[in-house]
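First the structure, in the form of structure tokens, and then the observations on it.
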Amino acid sequence: MNKQQALALLDDEGYLLDLALWDQELAEALAKVDQFNLTSKHWEVIYIIREFYQEYQLSPAMRPLVKMMANKYGAEKGRSIYLLKLFPQSPPKQAARYAGLPKPLNCL
Amino acid sequence: MPLLCPTGLSPLATEAMKKNILLIFRNPPFANSSNSDTLDIALACSAFELPVSLLFLSDGILQLLNHQQAELLAQKDLRKRLNALAMYDIEDYYVIDQDLIRYQLSVEDLSLACKVITQQQLAALIRQFDTVINL
Amino acid sequence: MTQANPATLHIISKSPTHQQLYRDIANALLDDDAILFIEGGVYACCGTEATALLAATNNIYALSIDAQSRGLANTTPAAITLISDQQFVELCCQYHKTLSWF
Amino acid sequence: MIFSILIYASSNSSQTEQSALRFTRAVLQQGHSIHRVFFYGESVNACSNLIVTPRDETNITEQWLTLASAAKLDMVVCISAAVRRGILDGAEAKRHNKSSANLSEGFQLSGLGQLADAIIMSDRTITFGN
């Protein structure tokens, strides 16, 4: 997928317009366009965030994301520092983009 | 009527931090957007470290009924988002015994683990909060 | 600094037709709380509802402009104090918080 | 004292907007300050610049704007409530690919965090709703 094709699928904040289109391949393609490398550690977060959405119909904010990571992967990964290293812009927003979820509730 | 009003007072930063908030749900599911709107306030307050408690009053308890199938009405199921509250550290929920009795419900019928208070305790509960929002 | 009063100002904007609302309000009241009727709530002044709430608190007010506009200014019982917008603001300052019922 | 106002009126024709406006004026007249006026739920409809009020009726939006510019009020409209009701500013119109924007100048779209902030920063938060 080239940049133009990818952008056509996104709103101008980079979130997927049609959530049903999401699959792993698409996430990788979007990351590539951003020149962002998705490692297995990133994928852990992406899957967690999708799981959260399935269960609660909500893209998580930082606090619940940290909690959910801690529950599933232990205290070391359940810290905001850890998540911020993986997604330096904003873990809830960046991960929601690659996870094909709506932007987290706009709080600020 | 002697009404005196001190002007120009503002909360000290430390005082502001100590504030807590009670959000009241008074409407049944699908009636209007007030329950969903109130829930969104709860999530926003949590992001600001504001301690939040929820009161399901009158028809508000009907929002918590198990076995709802919102998808039949092409609606989002608010209970899924209500269940997320604990993940946002919002775990203080109240219902009134009379409301349970009126609809012949018990706490097992409700999707959140609510504290049941009596009608007489309602006023004292409200007294504990600095801000109450009742949409 | 007179911020000691921990009581609540209940602002009611629906008429007594909303019976369950009025029952909830009655349960939510402590005796040092105050009630302010605004908008359609001022119709409570001409029925027995306000009298029932009077048993719970002595501090009952109605927004004068809302009572006047609805033709109730002269029929409001003496126990209910009609107040201006300015006094509404002063009441909000006097009480620790407001709780709106609609 | 510092006040914030939360408006949750279900229709434009209700008296609620008017009550909130009068209260806001009275707060300012008494030398208090207004930290923020927050429009939520259906009351976001009052913030459209496409509203046409019959000549013999009061245009509440204009009254808010007049008061806001005189008193430098911070008038925030909940962005998610607004967008779902078709109240868009330029940025949202562009983002959602809509042909026009209709948020009256003088109101700002923002998140519910602005309400949480108002609750924290104000001595009193008063809700006007119906």
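The values are calculated or read from the model by the stated rules, or taken from the named source; none is laboratory data. Model, not experiment: these values are computed from the prediction. When we count neighbours, we look across all protein chains shown, and the Cβ atoms used for this are built from the backbone with ideal geometry, even at glycine. These area figures cover heavy atoms from the full protein model, side chains too; ligands, DNA and RNA do not enter into them. Shrake-Rupley method; radii C 1.70, N 1.55, O 1.52, S 1.80 Å.
I'd like to check something: does the stretch B:60-70 contain any residue that is under 23 Å from C:LEU29 (Cα atoms) and either surrounded by 15 or more Cβ atoms within 10 Å (Cβ to Cβ) or among the polar types (S, T, N, Q) (or both)?
At the first step, the residues of the stretch B:60-70 found to be under 23 Å from C:LEU29 (Cα atoms) are B:60-61.
Subset that is either surrounded by 15 or more Cβ atoms within 10 Å (Cβ to Cβ) or among the polar types (S, T, N, Q) (or both): B:60-61.
Yes, there is a match, as at least one residue in the stretch B:60-70 is under 23 Å from C:LEU29 (Cα atoms) and either surrounded by 15 or more Cβ atoms within 10 Å (Cβ to Cβ) or among the polar types (S, T, N, Q) (or both).
Output the helices (runs of 4 or more DSSP H) that fall wholly within the stretch C:6-102 and possess 1 or more residues being within 26 Å of D:ASP123 (Cβ to Cβ) and open to solvent by less than 10 Å² (accessible area, probe 1.4 Å), or say none. Break it down into steps so the answer makes sense when it comes.
Values: elements: C:19-28, C:49-54, C:64-69, C:85-94.
Correct list: C:19-28, C:64-69, C:85-94.
Kindly check whether there is at least one residue in the stretch C:88-101 that is of a type outside the set (A, V, I, L, M, F, W, C), over 19 Å from D:LEU6 (Cα atoms), facing another protein chain (nearest Cβ under 8 Å) and free of Cβ contacts under 8 Å to residues at least 60 places away in the same chain. Full working, then the answer.
Pass one, the stretch C:88-101, residues of a type outside the set (A, V, I, L, M, F, W, C): C:90, C:94-98, C:100.
Imposing the further condition that a residue be over 19 Å from D:LEU6 (Cα atoms) reduces the set to C:94.
Those left that are additionally facing another protein chain (nearest Cβ under 8 Å): C:94.
Add one more test, that the residue is free of Cβ contacts under 8 Å to residues at least 60 places away in the same chain, and what stays is none.
No, the conditions are met nowhere in the stretch C:88-101.
Return a yes/no flag: does the stretch A:67-84 have any residue that is modelled with pLDDT under 90 and surrounded by 14 or more Cβ atoms within 10 Å (Cβ to Cβ). Break it down stepwise before answering.
Here is the first cut: in the stretch A:67-84, the ones modelled with pLDDT under 90 are none.
No, that holds for no residue.
On the given criteria, is A:LEU10 out of contact with any Gly (no Cβ under 8 Å at 6 or more places or on another chain) and buried (at least 18 other Cβ atoms within 10 Å of the Cβ)?
Numbers: out of contact with any Gly (no Cβ under 8 Å at 6 or more places or on another chain): yes; buried (at least 18 other Cβ atoms within 10 Å of the Cβ): no.
When the stated conditions are applied, A:LEU10 does not pass them.
Report yes if B:ILE21 is out of contact with any Lys or Arg (no Cβ under 9 Å at 6 or more places or on another chain), at pLDDT 95 or above, open to solvent by less than 20 Å² (accessible area, probe 1.4 Å) and within 14 Å of chain A (Cβ to nearest Cβ), otherwise no. Show your work before the answer.
Numbers: out of contact with any Lys or Arg (no Cβ under 9 Å at 6 or more places or on another chain): yes; at pLDDT 95 or above: yes; open to solvent by less than 20 Å² (accessible area, probe 1.4 Å): yes; within 14 Å of chain A (Cβ to nearest Cβ): no.
So B:ILE21 fails the test.
Which condition does A:MET68 not pass, out of (1) out of contact with any strand residue (DSSP E or B) (no Cβ under 8 Å at 6 or more places or on another chain); (2) in a helix (DSSP H, G or I); (3) under 17 Å from A:TYR15 (Cβ atoms), if it passes all the others?
The single condition A:MET68 does not satisfy is (3).
Is it the case that some residue within the stretch A:6-15 is at negative phi, part of a loop (DSSP other than H, G, I, E, B) and not charged (D, E, K, R)? Don't jump to the end; show me each part of the working.
Initial filter on the stretch A:6-15 (at negative phi): A:6-13, A:15.
Adding the requirement that they be part of a loop (DSSP other than H, G, I, E, B) leaves A:9, A:11-13, A:15.
Then keep just the ones that are not charged (D, E, K, R); that gives A:9, A:15.
For the stretch A:6-15, residues at negative phi, part of a loop (DSSP other than H, G, I, E, B) and not charged (D, E, K, R): present.
Report, ordered by the first and then the second residue, all pairs with beta carbons closer than 9 Å, sequence separation of six or more or different chains, a first member in the stretch B:67-88 that is under 19 Å from B:ASN27 (Cα atoms) and of a type in the set (Gly, Ala, Ser), and a second member that is assigned to a helix (DSSP H, G or I) and open to solvent by less than 60 Å² (accessible area, probe 1.4 Å).
Here the result reads B:ALA70/B:LEU78; B:ALA70/B:ARG79, each pair linking the stretch B:67-88 to a residue that is assigned to a helix (DSSP H, G or I) and open to solvent by less than 60 Å² (accessible area, probe 1.4 Å).
Within the group B:ILE126, B:ILE90, B:ILE117, which residue is open to solvent by less than 40 Å² (accessible area, probe 1.4 Å) and within 14 Å of chain A (Cβ to nearest Cβ)? Outline the logic, then answer.
Working: B:ILE126 fails: within 14 Å of chain A (Cβ to nearest Cβ); B:ILE117 fails: within 14 Å of chain A (Cβ to nearest Cβ).
So the residue among B:ILE126, B:ILE90, B:ILE117 that is open to solvent by less than 40 Å² (accessible area, probe 1.4 Å) and within 14 Å of chain A (Cβ to nearest Cβ) is B:ILE90.
Can you name every residue in the stretch B:35-50 that is at negative phi and either within 7 Å of chain D (Cβ to nearest Cβ) or open to solvent by 10 Å² or more (accessible area, probe 1.4 Å) (or both)? Break it down stepwise before answering.
Step one: list which residues in the stretch B:35-50 are at negative phi, which gives B:35-48, B:50.
Answer for the stretch B:35-50, where residues must be at negative phi and either within 7 Å of chain D (Cβ to nearest Cβ) or open to solvent by 10 Å² or more (accessible area, probe 1.4 Å) (or both): B:SER36, B:ASP37, B:ASP40, B:ILE41, B:ALA44, B:CYS45, B:ALA47, B:PHE48, B:LEU50.
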